[in-house]
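The values are calculated or read from the model by the stated rules, or taken from the named source; none is laboratory data. Source: prediction; values computed, not measured. No Cβ is skipped: glycine too gets one built from the backbone with ideal geometry, and neighbour counts run over all protein chains shown.
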Amino acid sequence: MAAQEQYEELARQLSAVAAVRRGLARVLPQDCSPATATLLALLKQHGEMRMSRLGELLDIDASVTSRHVACAAERGWLERRPDVLDKRSRLIGLTPSGEELLHEVSVRYTETLAARLGDWSDDDVGRLVGLLKRFRESVGDCRPRVAALPHA
């Protein structure tokens, strides 16, 4: 197990990474917020879904999810359609315009990272990617976990 000082330094570095992430948001198209880009990326990754599921994935309140969805729908990046399995619900999915926006976001992020990490080797970048994946798997989403009930 790592020493307490290492965990403290890790916490400082993660705070700095959050600042880097905010800086990356500056390369987004002007009318696309980081939250909107994340919402669209989740729809691309998981396919169309109900608003409640999207809120769960984003880990935000239903009213906030609704505002983000309304904003993206106004810009033509997603569409809402009735759920054939439950007529009271609506499914949210990407439009071709949303797909184009995600492609543009990906290109901008990739170009920015390539420019900033141009002096890194492929192995260094690969190692960072691998460690970040491992970190995410270990930490999860940091929501409180319900303790497993003991067996009877």
- Considering residues of the stretch 46-105 that are touching a Leu at 6+ places or on another chain (Cβ under 6 Å) and among the acidic types (Asp, Glu) only, the residue nearest to SER33 (Cα to Cα): GLU48
- Message: Can you pull out every residue in the stretch 93-152 that is modelled with pLDDT of 95 or more and either of a type in the set (Phe, Trp, Tyr) or touching a His at 6+ places or on another chain (Cβ under 8 Å) (or both)?
- Response: TRP120
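Do you know which residues across the stretch 16-50 are of a type in the set (Lys, Arg) and under 19 Å from THR95 (Cα atoms)? Break it down stepwise before answering.
Of all residues in the stretch 16-50, those of a type in the set (Lys, Arg) come to 21-22, 26, 44, 50.
Correct list: LYS44, ARG50.
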